[in-house]
Amino acid sequence: MNLDSADAVSIATAVKQQQITAVEVVKAALDRIAAKDSQLNCFTTVTTETALKDAAKIDAEIAKGNNPGLLAGVPFAVKNLYDIAGLTTLAGSKINAENPPATQDATAVTKLKNAGAILVGALNMDEYAYGFVTENSHYGVTHNPHDLNRVAGGSSGGSAASVAAGLVPLTLGSDTNGSIRVPAALCGIFGLKPTYGRLSRAGVVLFSSSFDHVGPFARSVKDIAAAFDVLQGEDERDNVCTKRPPVATLNVTSAEQNIDGLKIAIADNYFAQKAAPEALAAVDKIAKVLNVTEYVCIPEAHRARAAAYIITASEGANLHLDKLKSRPQDFDFATRDRFIAGAFIPSSWYIQAQRFRNWYKEQVREIFKKVDVIIAPTTPISAPEIGQQTMILDGEEILVRPHLGLFTQPLSFIGLPVLSVPIQRKNALPLGVQLIAAPYNEIAILRVAAVLEKMGVTSAEIV
């Protein structure tokens, strides 16, 4: 088995069949991190000692004839806003580095460990998850493996880049306005933002509580499905985590799966504007192979994005208000300025944005009575250069940082499940396409993604 490129499900199968040991798998991952991460800057902490101990425990369980779980021996890492017992939870912040170590793992970390996966470290991110680039002034820039002069996206940049570079096959990130989908697209891998409340956020530093999701990154649809299956389930530690029973999705990614009976449409109007031609061509490519000709208009998507800004900026500023007053100099300046602006948003704006949110949710619900899956670009452009401030779209010069989430924000605004699938392009940077479904219909988007992967339309290549 080539551990440099093996997917998570294949690794777990080989470990359980004793074709390779979990210790060997983890040592290989640690060697890759040591060899490559100095250029990429994905990891802020590597948990070498505990990872090797945990791997040895998995091997011991297998030797006893026990099944250690679906992801036995699979190395994984998490965005550094997840609690890891014994480590300080940074959330990309200088201020948080002064906090005591976490006393227990985040629920999502626990679930992956209980399934036999081995935690190997914590990953770089935009400070407090407020950004789309992972140009962190405290812990450095995370570089895109496809071109080290370009951003990995954010705020889960370390999570995406480490998977794309083959350091680990599986990571966890978080998504408020697009922080899983944007870096997944720019790094050319799969990134799943499940339905709001579907997965527990307990032990995760939040940015905007009414928006925040957690979810996995991987290089294959079956790995995304396996991680999603493991992570599901209600959690009394997270008061928004639903009591909806878990669904098994791994089987929908089998080679026999098809999309018979699914109605698929292309997002028009807002989602076909202010995008580079290659981003729209990626959507057209998927539509063509799936024989999709129907278009749908998601009404007032531009207002949804504006309302999302108001709510997330307000909620984020409120969480950090004390430190903004007492230690403004210790924030990343870009994060600080956005939070300060959020603190001055009138309460009447916030209330009106929430009212609009309810109206918008009902309009989109009506669309999903007619279609099962909608496709749209993930980002308007491929990965910009590190430090790039502006870009030209439709003849207009606009800021890079906020507009990388142009097509992701109107969807997380109402908690829809979305999977960004990678479109690899010869001699060009990768792009992503969003597969969007109604709440709790993750199975539909995984079915479509599995078919696209089988056809070779979507693929995640290690670089």
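Taking the Cα centroid of segment 13-31 and of segment 274-311, what is the distance between the two, rounded to the nearest whole Å? Centre-to-centre (Cα) distance: 41 Å.
The amide H of Ala102, built 1.01 Å from its N in the peptide plane, has Ile84, Gly86, Leu87, Thr88, Thr89 as neighbours under 5 Å, considering only residues 5 or more places off or on other chains.
By per-residue mean of other Cβ atoms within 10 Å, what is the highest-first order of 388-398, 110-120? Numbers along the way, then the final one.
Values: 388-398: 11.9, 110-120: 23.0.
The most tightly packed comes first, giving 110-120, 388-398.
For the chain, the relative contact order is 17 percent, taking Cα pairs closer than 8 Å that sit 6 or more residues apart in sequence and dividing their mean separation by the residue count.
Can you bin segment 303-434 into rounded, prolate or oblate? Criterion: square roots of the alpha carbon gyration tensor eigenvalues sorted a ≥ b ≥ c, rounded for a/c under 1.5, prolate for a/b above b/c, oblate for the rest. Kindly include the intermediate steps, with their values, before the conclusion.
Numbers: a/c = 2.32, a/b = 1.18, b/c = 1.97.
Judged from the Cα gyration tensor, segment 303-434 comes out oblate (a/c at least 1.5, b/c at or above a/b).
Return the percentage of antiparallel bridges among DSSP beta bridges fully within the chain, rounded to the nearest 5 %. Don't skip to the end; give the middle numbers.
Working: 37 of 51 bridges.
Bridges in the chain are about 75 percent antiparallel.
Does segment 233-348 come out rounded, prolate or oblate by the C-alpha gyration tensor, with a ≥ b ≥ c the root eigenvalues, rounded set by a/c under 1.5 and, if not, prolate when a/b is larger than b/c and oblate if not? Verdict is oblate for segment 233-348. Each part gets one Cα centre, and for segment 148-219 versus segment 53-70 those centres are 28 Å apart.
Once you sort the root eigenvalues of the Cα gyration tensor of segment 8-253 as a ≥ b ≥ c, which label holds: rounded (a/c under 1.5), prolate (a/b larger than b/c) or oblate (the other case)? Don't jump to the answer; show the numbers that get you there.
Values: a/c = 1.43, a/b = 1.19, b/c = 1.20.
Rounded, since a/c falls under 1.5.
Give me D for the chain in µm² s⁻¹, whole number, from Stokes-Einstein with Rh from the Kirkwood sum over alpha-carbon pairs, 25 °C and 0.890 mPa s. Provide the component values of the computation, followed by the final result.
On the way: Rh = 21.7 Å.
Reported coefficient: 113 µm²/s.
The listed peptides 359-368, 297-306, 272-281, 8-17, ordered by packing as a protection proxy, come out as 8-17, 297-306, 272-281, 359-368 (highest mean of other Cβ atoms within 10 Å first). Annotation: peptides 258-270, 61-73, 415-427, ranked by per-residue average of other Cβ atoms within 10 Å with the highest first, follow the order 415-427, 61-73, 258-270.
Heavy atoms only, probe 1.4 Å: what % of the accessible area of the chain goes to carbon and sulfur, would you let me know?
Working: 8760 of 17390 Å².
Reported share for carbon and sulfur atoms: 50 percent.
Are any of the pairs Lys361/Lys454; Lys64/Lys111; Lys27/Lys57; Lys243/Lys361 more than 24 Å apart by Cα-Cα distance, and if so, which? From the list (Lys361/Lys454; Lys64/Lys111; Lys27/Lys57; Lys243/Lys361), the Cα-Cα distance tops 24 Å for Lys361/Lys454.
The values are calculated or read from the model by the stated rules, or taken from the named source; none is laboratory data. Here the structure is a predicted model, which is why all the values come from computation and not from measurement. Here the Cβ is made from the backbone with ideal geometry for all residues, glycine too, and neighbour counts use every protein chain on show. We work out accessible area using only protein heavy atoms, side chains counted, and drop any ligands, DNA or RNA first. Shrake-Rupley method; radii C 1.70, N 1.55, O 1.52, S 1.80 Å.
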